[in-house]
1. For the list (1) part of a strand (DSSP E or B); (2) farther than 30 Å from Gly150 by Cβ, I need the number of the one condition that Arg44 fails.
2. Would you please name the residue that is nearest to Asp61 (Cα to Cα), looking only at residues in segment 122-141 that are in contact with a Lys or Arg (Cβ under 8 Å, 6 or more places away or on another chain) and aliphatic (A, V, I, L, M)?
3. Filter segment 129-156 for residues that are in a helix (DSSP H, G or I), modelled with pLDDT under 95 and either surrounded by fewer than 17 Cβ atoms within 10 Å (Cβ to Cβ) or among the aliphatic types (A, V, I, L, M) (or both) and give the result.
4. Kindly indicate which of Arg66, Arg44, Arg112 is touching a helix residue (DSSP H, G or I) at 6+ places or on another chain (Cβ under 8 Å) and either surrounded by fewer than 19 Cβ atoms within 10 Å (Cβ to Cβ) or at positive phi (or both).
5. Here is a list of conditions, (1) part of a loop (DSSP other than H, G, I, E, B); (2) more than 18 Å from Leu91 (Cβ to Cβ), and Asp73 meets all of them except one; can you say which number that is?
6. Anything in segment 115-128 that is surrounded by fewer than 24 Cβ atoms within 10 Å (Cβ to Cβ) and closer than 18 Å to Val80 by Cβ? List them, or say none.
7. Go through segment 23-41 and give me each residue that's exposed (fewer than 15 other Cβ atoms within 10 Å of the Cβ) and closer than 24 Å to Lys68 by Cα.
8. Select from segment 14-36 the residues that are aliphatic (A, V, I, L, M) and modelled with pLDDT under 95 and list them in ascending order.
Amino acid sequence: MLIMPGNTKEGFVAVKSLIDARRDWAGFDHVITIEDAGYEDGLRVRPGKTTQTVIQFDDTDLTEGRGKAATKDEVRFLLVKGREHTASKLLVHCHQGQSRSAAVALGIISDRLGKGFERDAVSALLAIRPTAVCNSLVLAHADSLLGRDGELVKAWKAHLESDDKAAGVMLLRALWEKQGD
């Protein structure tokens with residue numbers, strides 16, 4: 001079963017940018033906020049029906065060099081938050097709503113669908129966030145933590161092979177990060 005907006009039986013996951021999350025957060029039960037390390041002007045929800053998890057790591061695919069990369073423990077923490085909110089309207093956002101949040105959302109969706117449905121998870125993510133360009137380190141951590149033996153990463157790479165725009169963005173990211181060496 002694909003997890004799509006409006007599918008309240010399984011809850012649903014939305015992926016948004018910081019700007020959109022600031023506008024729309026009140027319509028969700030839980031918000032996962034992923035910010036750059038040291039960022040001080042992020043979204044903070046007002047206490048009430050909506051709860052929030054805030055974590056900080058940079059949008060880097062490298063474990064050394066530029067910025068603070070996501071650790072496996074941080075990704076595990078976010079996947080657990082996804083499990084805690086399976087019947088909820090869950091909003092996952094980062095600054096642009098395309099890389100870190102998309103990778104976390106893909107992990108959460110894949111976890112909900114179960115092993116063997118990695119391509120369906122990618123399709124579900126793209127249905128809710130067509131501009132997704134998953135952070136490869138976050139995605140690799142999620143794949144490992146979920147015991148997917150590379151299948152989630154492989155499903156994402158298959159999408160990149162069929163989407164020139166997403167593949168181009170990923171190439172530009174890799175070149176930019178290589179400049180930091």
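The values are calculated or read from the model by the stated rules, or taken from the named source; none is laboratory data. Computed from a predicted structure; not experimentally measured. Cβ coordinates were reconstructed from backbone atoms using ideal geometry, including for glycine residues, and neighbour counts include every protein chain displayed.
1. (1)
2. Ranking the candidates gives Val138 first.
3. Result: no residue meets the conditions.
4. Testing whether each residue is touching a helix residue (DSSP H, G or I) at 6+ places or on another chain (Cβ under 8 Å) and either surrounded by fewer than 19 Cβ atoms within 10 Å (Cβ to Cβ) or at positive phi (or both) leaves just Arg66.
5. With respect to (1) part of a loop (DSSP other than H, G, I, E, B); (2) more than 18 Å from Leu91 (Cβ to Cβ), Asp73 is out only on (1).
6. Lys115 - this is the single residue of segment 115-128 that is surrounded by fewer than 24 Cβ atoms within 10 Å (Cβ to Cβ) and closer than 18 Å to Val80 by Cβ.
7. Matches in segment 23-41: Ala37, Gly38, Tyr39, Glu40, Asp41.
8. Ala26
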